[in-house]
1. Give me the net charge for the shell around B:Ile21: Cβ to Cβ below 14 angstrom, other residues only, Lys and Arg +1, Asp and Glu -1.
2. Along Cα→Cβ, 7 Å out, is where each label goes; now give me the distance between the ones at A:Ser106 and A:Thr3 in nm to one decimal.
3. As a quick test, which of the pairs A:Lys95/B:Lys20; A:Lys70/B:Lys55; A:Lys101/B:Lys20 have an alpha carbon distance above 32 angstrom in this structure?
4. What is the mean projected area of the alpha carbon convex hull for chain A, to one decimal in square nanometres?
5. Would you pull out the residues with amide H under 5 Å of B:Tyr106's amide H, same chain only if 5 or more places away, H placed 1.01 Å from N?
6. In chain B, if the dipole is taken from +1 on Lys/Arg beta carbons and -1 on Asp/Glu beta carbons about the Cα centre, which of B:Pro86, B:Phe107, B:Val4 is farthest to the positive end?
7. Whole-Hz ³J(HN,Hα) for each residue in the range B:80-86, computed from phi via Karplus 6.51 cos²θ - 1.76 cosθ + 1.60 with θ = phi - 60°, x for glycine and proline: what do you get?
8. Let me check I've understood the local charge: for B:Phe91, count other residues with C-beta under 15 angstrom from its C-beta, Lys and Arg +1, Asp and Glu -1. What total comes out?
Amino acid sequence: AQTVTQSQPEMSVQEAETVTLSCTYDTSENNYYLFWYKQPPSRQMILVIRQEAYKQQNATENRFSVNFQKAAKSFSLKISDSQLGDTAMYFCAFKVDSSYKLIFGSGTRLLVRP
Amino acid sequence: GAVVSQHPSWVICKSGTSVKIECRSLDFQATTMFWYRQFPKQSLMLMATSNEGSKATYEQGVEKDKFLINHASLTLSTLTVTSAHPEDSSFYICSDGTSGAKETQYFGPGTRLLVL
């Protein structure tokens, strides 16, 4: 069975600084996808970034980038130049290629301090 | 990505009544949609997979007769909480898993249900 683990329940960062959120997963599959979703206080789930397992290059979306270590089954999210609007719950998620089902981690609550 | 709407955004009902929540894919035809439940400060829990034109697939531990799902068209899936009780109070979120960028689910804004 696939599992996703986020070991940091809460994180805090000063505005304009950089923060890294951790995520590890467990699977025996070779073809899969990894995602980071953001859930602000409005509770709308917003896709932050996605990574295909077959791609070695780490995905980047503006201030958001990932460090994908396939052998270590690690998928961390780096937020650069943190902004107050980044304050939210962040969920790491996993999906195998053969299924639509998303498996979520328990989430990390990020607070950006002014 | 795909745009997904939900209605209502929040609902309060009396214990014993039924509540219907609608999930619409606004810009794509969604053959598969998903229903999640989220308790405060917790992660999303998949309840069921809604398939257009066929029966929904429920996750283990989710009561089929309690949470009725209908996916009669390519743009609409509904979740009906039957004979609601206070323990059904939660945040319900749907997502569209077959539109927009492949392999990516896009989520509706969610529905807050409070059963008194």
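Every number in this text was worked out from the coordinates using simple rules, so none of it is lab data. For clarity, every value in this text was computed on a predicted model and none was experimentally measured. Quick reminder, even Gly has a Cβ in these numbers, built from the backbone with ideal geometry, and neighbours come from all protein chains shown.
1. Working: positive: B:Lys20, B:Arg24, B:Arg37, B:Lys66, B:Arg112; negative: B:Glu22, B:Asp88.
Surrounding charge for B:Ile21 is +3.
2. According to this spin-label approximation, the distance is 1.1 nm.
3. Numbers: A:Lys95/B:Lys20 29 Å; A:Lys70/B:Lys55 36 Å; A:Lys101/B:Lys20 23 Å.
Where the Cα-Cα span goes over 32 Å, the pairs concerned are A:Lys70/B:Lys55.
4. With every direction weighted equally, the projected area is 6.7 nm².
5. B:Asp96
6. Ranked along the dipole, the leading option is B:Pro86.
7. So the Karplus estimates, Gly and Pro as x, are 10, 8, 8, 6, 5, 10, x Hz.
8. Working: positive: A:Arg43, B:Arg37, B:Lys41, B:Arg112; negative: B:Glu87, B:Asp88.
Charge balance near B:Phe91 sits at +2.
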